[in-house]
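Participant: The following block contains the structure, expressed as structure tokens.
The values are calculated or read from the model by the stated rules, or taken from the named source; none is laboratory data. Keep in mind the model is a prediction, meaning the values are calculated, not measured. Here the Cβ is made from the backbone with ideal geometry for all residues, glycine too, and neighbour counts use every protein chain on show.
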């Protein structure tokens, strides 16, 4: 079982705008792989859990699926509603992975994009089994920041100075834990992804993360200075690049 921070449903409340503007989306090829792998269609009903501001929700709707965005954080859900509520394929509820508020056997697929590390996996599995129809599909997806370039390695070193970073890092969830969610074989697939930032958008991306300090935190000024120094050292043509592995973990849940 993953240890879940009790503040996980509220910790993004003051990050909404940065999250909306600067968090990465997911490759269209990754969505198409999910559609092809599980023969999804416009009749597919999805519960997108921990949906945030609806980044992944939008991609599912773009593929023609009916999506219920399940998001416990009020500010994030209101932003998602603002962005997506005019789409007839969209609805939202104030549920969690342990209690989605959805009816039994009501969806064909459950997704969690950049959210699964917040879940109590044991309790969430029971909820997924309850709301999924027979042979239902479960998809977890993360943009995992690559760390092999000098810039991204240096950025990781700066993050490791933050006490909150080790607590909420999504790499704390491993393949063995995830495999317990599936009734059969868990399929893993990886796609390349990336973002390019100028100074302002780089700072926006940094401070969209829940573990980075707020302006009223004692360590904010020192951390902010380190971020600016990173940009000064590693930017080329006034830009830096984040490279990601977009990793999908998928399979059936009975």
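Participant: Taking into account only those residues within the range 175-200 that are in a helix (DSSP H, G or I) and under 19 Å from the mean Cα position of the chain (by Cα), which is surrounded by the fewest Cβ atoms within 10 Å (Cβ to Cβ)?
Facilitator: 175
Participant: Before we move on, is residue 204 under 22 Å from residue 52 (Cα atoms) and either out of contact with any strand residue (DSSP E or B) (no Cβ under 7 Å at 6 or more places or on another chain) or in contact (Cβ under 8 Å) with a residue 24 or more places away in the chain (or both)?
Facilitator: Yes: the conditions hold for residue 204.
Quick grid of which residues meet (1) exposed (fewer than 12 other Cβ atoms within 10 Å of the Cβ); (2) free of Cβ contacts under 8 Å to residues at least 24 places away in the same chain; (3) touching a helix residue (DSSP H, G or I) at 6+ places or on another chain (Cβ under 8 Å):
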site	(1), (2), (3)
149	no, no, no
154	no, no, yes
162	no, no, yes
214	yes, no, yes
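Participant: Can you tell me which residue in the range 231-243 is surrounded by the most Cβ atoms within 10 Å (Cβ to Cβ), limited to those that are under 16 Å from residue 157 (Cβ atoms) and touching a strand residue (DSSP E or B) at 6+ places or on another chain (Cβ under 9 Å)?
Facilitator: The residue in question is 240.
Participant: Inspect the range 135-153 for any residue being assigned to a helix (DSSP H, G or I), in contact with a strand residue (DSSP E or B) (Cβ under 7 Å, 6 or more places away or on another chain) and more than 30 Å from residue 207 (Cα to Cα) and give the result as yes or no.
Facilitator: No, because not a single residue in the range 135-153 is assigned to a helix (DSSP H, G or I), in contact with a strand residue (DSSP E or B) (Cβ under 7 Å, 6 or more places away or on another chain) and more than 30 Å from residue 207 (Cα to Cα).
Participant: Which one of the conditions (1) in contact (Cβ under 8 Å) with a residue 24 or more places away in the chain; (2) surrounded by 15 or more Cβ atoms within 10 Å (Cβ to Cβ); (3) in a helix (DSSP H, G or I) does residue 228 fail to meet, given that it meets all the rest?
Facilitator: (2)
Participant: Can you name every residue in the range 97-134 that is part of a loop (DSSP other than H, G, I, E, B), farther than 30 Å from residue 242 by Cα and touching a helix residue (DSSP H, G or I) at 6+ places or on another chain (Cβ under 9 Å)?
Facilitator: 98, 99, 100, 102, 103, 104, 105, 106, listed by residue number.
Participant: Name the helices (runs of 4 or more DSSP H) wholly inside the range 14-72 in which the number of residues that are over 26 Å from residue 101 (Cα atoms) is 3 or more.
Facilitator: Counting at least 3 such residues, we get 16-22, 28-37.
Participant: Please work out which one of (1) at pLDDT 95 or above; (2) surrounded by fewer than 16 Cβ atoms within 10 Å (Cβ to Cβ); (3) out of contact with any strand residue (DSSP E or B) (no Cβ under 8 Å at 6 or more places or on another chain) is the condition residue 98 fails and give its number.
Facilitator: (2)
Participant: Also: Select from the range 82-95 the residues that are closer than 16 Å to residue 59 by Cα, assigned to a loop (DSSP other than H, G, I, E, B) and out of contact with any strand residue (DSSP E or B) (no Cβ under 6 Å at 6 or more places or on another chain) and list them in ascending order.
Facilitator: If the condition is that a residue be closer than 16 Å to residue 59 by Cα, assigned to a loop (DSSP other than H, G, I, E, B) and out of contact with any strand residue (DSSP E or B) (no Cβ under 6 Å at 6 or more places or on another chain), then 85, 86, 87, 88 are the ones that fit.
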